[in-house]
Amino acid sequence: MKGTPVLLQKVCVQNLRCHEHLTWRCTPGINLLVGENGSGKTTVLESVYMMAWGRSFRQARDPYLVRHQAERFRIVGQWYRFGPMTLEISGRKGCFVMRLQGREVARRKETAMAFPVIVDAPQGPRLVDGLPGERRRWLSALMSLKWPISAQVHQRYLRAIMQRARLLRRKGIDAQLDVWEEQIVALGMDLDAWRSSLIEEMNKLLSRESLPEGFVQIRSSGGGYQRESWVRRLRDKRQDDARTGLRFGPHADRLIFELDGRELRQAGSRGQQKLAGIAIRMAECELWRRYRGLIPVLLLDDAWEALDRGRRRRLMDRLSSYEGQVLMTTPNMPGVAGDEVKIQNIEELCEQVDSFEHMGEAA
């Protein structure tokens, strides 16, 4: 299936973190933003991500987005997806409004599905060396691309676990526990089948993203659940689960990223982990193309961090073949050849002061 690239043509920010006024005009292909540490490169990528997802990719629970001594921030993006589109965010800490074509967005998930943006950033979700729950949430989100109903099944599965735990604490009768345990197993079997299928598909995609040391692969610590033995285990472990909680099932499985048979989190170098993370994101972009018909905008923050010259060259060669748009940052600027790479300097961008009059009145 041939996908449609989602393109960002221009982003304008006002009073966002360290930036008072800034405009970045982007082209299809690779756009490289360079600048000193602390100059606000990550903030520019953050503004792009926020327009799609309605939240920051940084790990802070309640990030302070408004520039010091300013009342509110504003982000306006000119996008192209089957035609020109305008996305806008305006607001202050903990409260902001999203607008698409001038109309307020009620459900931010719909915007994320229509304008896919995928990020790999040191301050973003850490798949390779992050927490197990982070990897499980990531894989569950990918499952919903291929099987939209999987998100609803996952919620029902977690609810069944919660109801069983509540009955165990209250010493509920066996008949009630039997009902919830049957639901846990039935829903969990579906989730496990979908997850196993998706991992197999992701591994095939990752086999194309070769690193100098080999191929990245995903492995699950669980899987292969049997219905009868699972039901029997739930009944036999009720007393233990009442004390410790249910630790058996898809919600507790560990997802492990491996390179040439070794766990990346423990044995991989920083450069290997960096390239592996980008390879995983590239495979994720392919799933978007297959099942949603859209080619995401790929954000790479500090893309050359911990990479030597050879790995940088290898990464740029791979990115140059990507059919979508790449927005990337780096604190230094080694020689990069190729007409597809548009190099811009963050200090020069920060000197551009826009009146924002052409974008309408501020919210």
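Assorted remarks:
- Helix 309-320 axis versus longest C-alpha principal axis of the chain: approximately 90°, rounded to the nearest ten.
- Pair-distance distribution P(r) for the chain, from all Cα-Cα distances in 10 Å bins starting at 0: 5, 22, 28, 23, 14, 6, 1, 0 percent.
- Cα convex hull of segment 154-210 - mean projected area over all directions, nm²: 4.7 nm²
- The gain in end-to-end length when the Asp317 to Ala175 segment is fully stretched comes to 45.0 nm, 0.36 nm per residue minus the alpha carbon separation.
- 3J(HN,Hα) from dihedral phi, segment 204-221, Karplus parametrisation 6.51/-1.76/1.60, rounded to Hz, x for glycine, proline: 5, 5, 5, 5, 8, 9, 6, 9, x, 8, x, 10, 7, 9, 10, 9, 9, 6
- Förster radius 22 Å - calculated FRET efficiency between Arg227 and Arg166, Cβ distance, rounded to 0.05: 0.40
- Note on Ile149 and Asn203: the model spin-label points, each 7 Å out from Cα along the C-beta direction, lie 2.6 nm apart.
- Unit charges at the beta carbon, dipole of segment 202-305: most positive-side option, Leu246, Ser210, Leu287: Leu246
- The heavy atoms of Arg232 offer some 130 square angstrom of accessible surface to a 1.4 angstrom probe.
- With R₀ fixed at 22 Å, the C-beta to C-beta distance from Asn345 to His68 puts the FRET efficiency at about 0.40.
- Centre separation in Å (Cα based) which lies between segment 113-186 and segment 252-280: 23 Å
- Here each label is just a point 7 Å from Cα along the line to Cβ, and for Glu104 and Ala306 those points are 4.4 nm apart.
- For the chain: relative contact order, % (alpha-carbon pairs under 8 angstrom, 6 or more apart): 29 percent
- Segment 179-238, dipole about Cα centre (Lys/Arg Cβ +1, Asp/Glu Cβ -1), debye to the nearest 20: 260 debye
- Annotation for Ala193 and Glu20: the two label points, set 7 Å from Cα along the Cα-Cβ direction, are 6.1 nm apart.
- Extension reserve of the Arg55-Ser210 stretch, reckoned as 0.36 nm per residue once the Cα distance is removed: 52.6 nm
- Cα Rg over Rh - segment 254-304, Kirkwood: 1.05
- Signed unit charges on C-beta, dipole axis of the chain, positive-most listed residue Met328, Ser140, Asn37: Ser140
- Rounded to the nearest 0.05, the FRET efficiency derived from the C-beta distance between Ala252 and Val97 at R0 = 45 Å is 0.70.
- On Cα atoms only, tilt of 132-146 relative to the major axis of the chain in degrees: 80 degrees
The values are calculated or read from the model by the stated rules, or taken from the named source; none is laboratory data. Computed from a predicted model, the values in this text were never measured in an experiment. Every residue, glycine among them, receives a Cβ derived from its backbone with ideal geometry; neighbour counts consider all protein chains shown. Just the protein is used for accessible areas: all its heavy atoms, side chains included, with ligands, DNA and RNA removed. Shrake-Rupley method; radii C 1.70, N 1.55, O 1.52, S 1.80 Å.
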